[in-house]
Amino acid sequence: MAGDMPCLADSIVADGPSWVGSTVEATVSPNEPAPPALGCGTYGGWCESGLNRTTWLVWEVPEEGGIYAITTCNEGTSFDTQLAMWAVEDCADFTTYELVNANDDIGCEFGAY
């Protein structure tokens, strides 16, 4: 399944079309990194630790830089989405993954970014 492993990640484009996908058939790779459990609504971590069905996307920061917002906010859904952004040297080597930021249960009223 595309996106089930980091090296098979779907590519997304800054200011491009929205990505729509599913984790229904996704799995978790051995030793796959996860953000720390810092409590719900806390930037940089998740409510709880552990992983369950992950989907990977790849986004290369545009050369011109800028500020970008990434959101899963959709008032029409009830998904419990968790996000983590990683800086990666080698997609096949989880030891090269550095957590940039994470988000879990920060609702749309708080910006959900």
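The values are calculated or read from the model by the stated rules, or taken from the named source; none is laboratory data. This structure is a prediction, so every number in the text was calculated from the model and none was measured. Ideal geometry is used to build each Cβ from the backbone, glycine not excepted, and the neighbour counts take in all protein chains shown. We work out accessible area using only protein heavy atoms, side chains counted, and drop any ligands, DNA or RNA first. Shrake-Rupley method; radii C 1.70, N 1.55, O 1.52, S 1.80 Å.
Descriptive notes on the structure:
- At full extension, Glu64 and Thr96 could sit 9.0 nm farther apart than now, given 0.36 nm per residue minus the alpha carbon distance.
- Label-point gap, in nm, between Met1 and Glu48 - each point 7 angstrom along Cα→Cβ: 1.9
- A 1.4 Å probe, protein heavy atoms only, puts the accessible area of Val20 near 130 Å².
- Take Leu38: with every protein chain present and a 1.4 Å probe, its accessible area is about 90 Å².
- Cα shape, segment 24-113, gyration tensor, a/c 1.5 rule: oblate
- Local electrostatic count, Gly21, Cβ distance below 14 Å [Lys/Arg +1, Asp/Glu -1]: -2
- Shape category assigned to segment 1-53 from the gyration tensor of Cα positions, a/c cut at 1.5: oblate
- Rounded percent of accessible protein surface that carbon and sulfur make up, the chain, 1.4 Å probe: 52
- Rounded to the nearest 20 debye, dipole of the chain from Cβ charges on Lys, Arg, Asp, Glu: 240
- Accessible area per residue for the chain is 69 Å², calculated with a 1.4 Å probe on protein heavy atoms, without ligands, DNA or RNA.
- Taking amide H positions as modeled 1.01 Å from N, with prolines and chain starts lacking one, the residues under 5 Å from Val28 and 5 or more places away or on another chain are Arg53, Thr54.
- Proximal charge balance of Trp59 [Cβ under 13 Å; K/R count +1, D/E count -1]: -3
- Chain lengthening between Cys40 and Ile12 when straightened (0.36 nm per residue, less Cα-Cα): 7.4 nm
- Counted charge near Met1, where neighbours are those whose Cβ lies closer than 11 Å (Asp, Glu -1; Lys, Arg +1): -2
- Theoretical FRET efficiency, 1/(1+(r/R0)^6), r = Cβ-Cβ of Thr81 and Glu25, R0 22 Å, to 0.05: 0.85
- For the chain, the share of DSSP beta bridges that are antiparallel, to the nearest 5, is 70%.
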